[in-house]
Amino acid sequence: MENGAQGFSFPSRLTLLRRRMEELGLVSMVVAAPANRRYLSGFTGDDGFLFVDERRLILFTDFRFREQARLEAPAWELRIVERRLLPEFAAWLKEEGGERIGLEAEHWTLAAYETLTRNVPAGRLVPIRGVVEQLRAVKDEEELAFIAAAAAINDRVWTRFLPLLRPGVSERDLAVELEYLLRREGAEGMAFPSIVASGPRGALPHATPGEKRLAAGEMVVVDFGAVWRGYASDMTRTVALGRVGEEERTVYGLVLAAQERALEAIRAGAVARAVDAVARNHIKEGGYGEAFGHGLGHAVGLEVHEEPRLSPTSEGEIRSGMVFTVEPGVYLPGRFGVRIEDLVVVTEDGYRNLTKSPKELLVL
Ligand code: ZN
Ligand code: ZN
């Protein structure tokens, strides 16, 4: 959990946050969402509040995290509450928070909000959305290095995993092997529960690996991710187990071409929705438009699914330093599915692909 090397980026993050707070007319802000908390302070504990105003940076947590907070967030004044974190923090906030206190609207539960407003008048609390998330969207060099390292773990795991894909092995056993290999290759953990979906189950984009055993002639979709230094990776490959039908091969080629075209459309300034449309139109022209029902990709960082998205409803342009998955798929209920997913960094004139595993159809 030690991450002292992460220190240098925090001052600029806080400068940007304070500028944004000023624009929003906030006197102070409370940061409670774990990824936002970590991004601004380095603190990785389960429980705590950051308080930011014009001149103070205070981290409130409890005894369990005292030493950890001191080591991970040296720039923050540490307050250890004696008994219950939220009520004691709320009592302090009432006195010290000022008239306009920013609160992450999407993080607070109604119950926690009620506890807070027993102390702090609701009129002083300003719901804010996506403020820290917007800062997180453009990654700095250090973050890019961590994400690249997580993606490299995926590539190494994939090489070791392929020989295990055989008829008769259950999806569940393969998912367990993936978890083991991720840890063996250096991951702190899994970025999300792995997907191993064979045959008709591949048509469920978020299938849970079950007791079903792989059979010859099936397509197998494998989607997994590592966490390294808190940052996630995300990758999908689809392979053929022995001889598969003509349509399986056609669909595979179509999805791969859709992905390659979308990748070519990625560069700083590209419209997010337009990048999605490149892949979507290609799949539609191939006759499988109805079978691609999800967005083309999502941003990845401290969380595996971050904003912005590459989807038909996305707004705005993508920027240099953003990290996206590019994952078109075709899902044919009762039959099979194909998805191919790479992780890329947007650059001024294109993209850098962090996923190196080959993409031609593997027949095992
Ligand atoms: Zn994925
Ligand atoms: Zn993904």
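Read-outs throughout are calculated quantities, based only on the coordinates presented, and are distinct from any laboratory measurement. Small disclaimer: the values here were computed from a predicted structure and weren't measured. All Cβ positions, even for glycine, are placed from backbone atoms using ideal geometry, and neighbour counts span all protein chains on display.
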Simple label model, 7 Å out from Cα along Cβ direction - Glu247 to Leu24, nm: 5.0
Ala35-Arg183 pseudo-label distance in nm [points 7 Å out on the Cα-to-Cβ vector]: 2.4
Here the net charge surrounding Val363, from other residues whose Cβ is less than 11 Å away from its Cβ (Lys, Arg +1; Asp, Glu -1), is 0
Length released on extending from Arg66 to Thr159, taking residue separation times 0.36 nm less the Cα-Cα span: 29.4 nm
Span-like helix ranges in the chain, DSSP H, alpha carbon extent 18 angstrom or more, Kyte mean at least -0.5: 141-161, 246-264, 272-285
Below 8 Å, C-alpha to C-alpha, sequence gap of six or more: please give me the relative contact order for the stretch 4-136 in percent. 25
Report the label-to-label distance for Ala216 and Val176 in nanometres (one decimal), using points 7 Å from each Cα along the Cα→Cβ vector. 2.6
For the chain, what percent of Cα pairs sit more than 28 Å apart? 50
Which loop trypsin sites (Lys or Arg not before Pro) in the stretch 226-267, with loop taken from DSSP, have no more than 14 other Cβ atoms within 10 angstrom of their Cβ? Arg243
When the expected Rg is taken as 2.2 N^0.38 Å, what fraction or multiple of it is the alpha-carbon Rg of the stretch 207-364? 1.03
Loop GluC sites (Glu not before Pro), the stretch 189-272, which have at most 15 other Cβ atoms in a 10 Å radius of their Cβ (DSSP): Glu211
So for each of 281-287, 57-63 I average, over its residues, the number of other beta carbons within 10 Å; can you give me the resulting order with the highest mean first? 57-63, 281-287
Binned at 10 Å from 0, what are the whole-percent values of the Cα-Cα distance distribution for the stretch 4-136, short to long? 12, 48, 35, 5, 0
